[in-house]
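What follows is a single structure, written as structure tokens, with notes after it.
The values are calculated or read from the model by the stated rules, or taken from the named source; none is laboratory data. Just so we're clear, the structure is a prediction, and the values are computed from it rather than from any experiment. Ideal geometry is used to build each Cβ from the backbone, glycine not excepted, and the neighbour counts take in all protein chains shown. Accessible surface is based on the protein model in full, side chains and every heavy atom, while ligands, DNA and RNA are left aside. Shrake-Rupley method; radii C 1.70, N 1.55, O 1.52, S 1.80 Å.
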Amino acid sequence: PRDFELPVGGDDGRAIPALAIETEDGGRIRLYGTIDRVDTYEKDGATYVRVVDYKTFVKRFSLDDVAAGINLQMLLYLFAVWKNGGTRYAGEIRPAGILYTGAAPAEVTHNGIPTREEALAAAENSTERSGLFLDDTDVLEAMEHGLGGKYIPVRMKKDGTFYKGAPVESLEAFGSLMHEVEQTVSDIAAEMK
């Protein structure tokens, strides 16, 4: 973890610049907000950034939602840091991913009275996590050693491949996704205007 409650835009001394998106008619949209948590990992002169959002309810990330123009907030935050994070973080900024994680206490059921360790393990295992991550094994291992799906929803097989449906994308795919999201925001703004 590197930053908590990080402002995007505004005049707070910690803030990174707002994400600016050009519209087709020459206008400019500036998106502001506050990121719950920013995690960083440094590798080969680059700083990989993960944006974390705490939820008191189950939130699942879906690329279908993004294609429909909804639930864009986390990606917009990630892209703001990717584009403008050089004002706060060292090196070339690259996306490591986004993570929704539960903040509400987990319900634990047990036959009888569990030991402290059993109760903690049950609570850890019942916390919902969802997101999208860079398909770089070193970066993923920095998020969860062993990639067993406990702290991020990514599991790796013994042969070094990801289980089917793992929410991982290449750096190029993140770039395409950024372009798609910016176009969606621009289209929404044009409709509102």
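For the reader, a short list of remarks on this structure follows.
- Listed by chain and number, the lysines whose alpha-carbon sits under 25 Å from that of Lys55, ignoring those within fewer than 8 places in the same chain, are Lys150.
- Counted over the chain, the DSSP beta bridges are approximately 65% antiparallel.
- Solvent-accessible surface of the chain, taken per residue with a 1.4 Å probe and all protein chains present: 56 Å².
- When the chain is described by a simple charge dipole with +1 on each Lys and Arg Cβ and -1 on each Asp and Glu Cβ, the residue from Leu177, Asn84, Ser130 located farthest towards its positive end is Ser130.
- Long-range amide H partners of Thr23 with built H, under 5 Å: Arg28, Ile29
- For the residue pairs Lys83/Lys157; Lys59/Lys164; Lys59/Lys193, the alpha carbons lie more than 27 Å apart in Lys83/Lys157; Lys59/Lys193.
- Our compactness index for region 1-103, the C-alpha radius of gyration over the empirical 2.2 N^0.38 Å, is 1.09.
- In degrees, nearest ten, helix 171-192 long axis to first principal axis of the chain (Cα): 60 degrees
- Carbon + sulfur, % of accessible area of region 1-95 - ligands and nucleic acids excluded, 1.4 Å: 46 percent
- In degrees, nearest ten, helix 73-84 long axis to first principal axis of the chain (Cα): 60 degrees
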